[in-house]
Amino acid sequence: MSAKRQPVEPTDDWDTLVPLFWWPEQEEYEQIRQPVLFGTSVAERAEEVGVSESTLRRSIGASESMAWTGFTPRRRPNAKGCLPSSGVSLWTSRPSTRPSAWAR
């Protein structure tokens, strides 16, 4: 069972958000959320969250090209360009994402 969190007022203040993250993926998601969803400046967001603009752009690119797997730890595709085995197992473990389910 996970520990219960104390209620916190919603905020966009980065310094208030960071201590609330339990996983690195949460922090990465919040870093790219505003430019991706609202079209705000990547340069401004990079300055707000304390990462380089190029790092933020790479994270945005990964999230767009790999969908939800863009937030998993970075692994390079193998020589054939295949997803890492962890990504494949997650993808194939969901019945709605298996090609056989599409024919229904």
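What follows is calculated from the coordinates using simple rules that are stated; it is not laboratory data. Quick caveat, the model's predicted, so the values are computed rather than measured. Glycine gets a Cβ as well: all are built from the backbone with ideal geometry, and neighbour counts include every protein chain shown.
For residues in the stretch 21-41 being of a type in the set (A, V, I, L, M) and closer than 12 Å to Leu56 by Cα, which is surrounded by the fewest Cβ atoms within 10 Å (Cβ to Cβ)?
Only one residue tops the list, namely Val36.
Out of everything in the stretch 42-61 that is of a type in the set (D, E, K, R) and closer than 21 Å to Pro19 by Cβ, what residue ends up being surrounded by the most Cβ atoms within 10 Å (Cβ to Cβ)?
Filtering the stretch 42-61 for residues that are of a type in the set (D, E, K, R) and closer than 21 Å to Pro19 by Cβ, the one surrounded by the most Cβ atoms within 10 Å (Cβ to Cβ) comes out as Arg45.
Restricting attention to the stretch 18-63, which residues are of a type outside the set (Ser, Thr, Tyr), out of contact with any helix residue (DSSP H, G or I) (no Cβ under 7 Å at 6 or more places or on another chain) and more than 25 Å from Arg5 (Cβ to Cβ)?
Listed by number, the residues that qualify are Phe38, Gly39, Glu44, Glu47, Arg58, Gly61.
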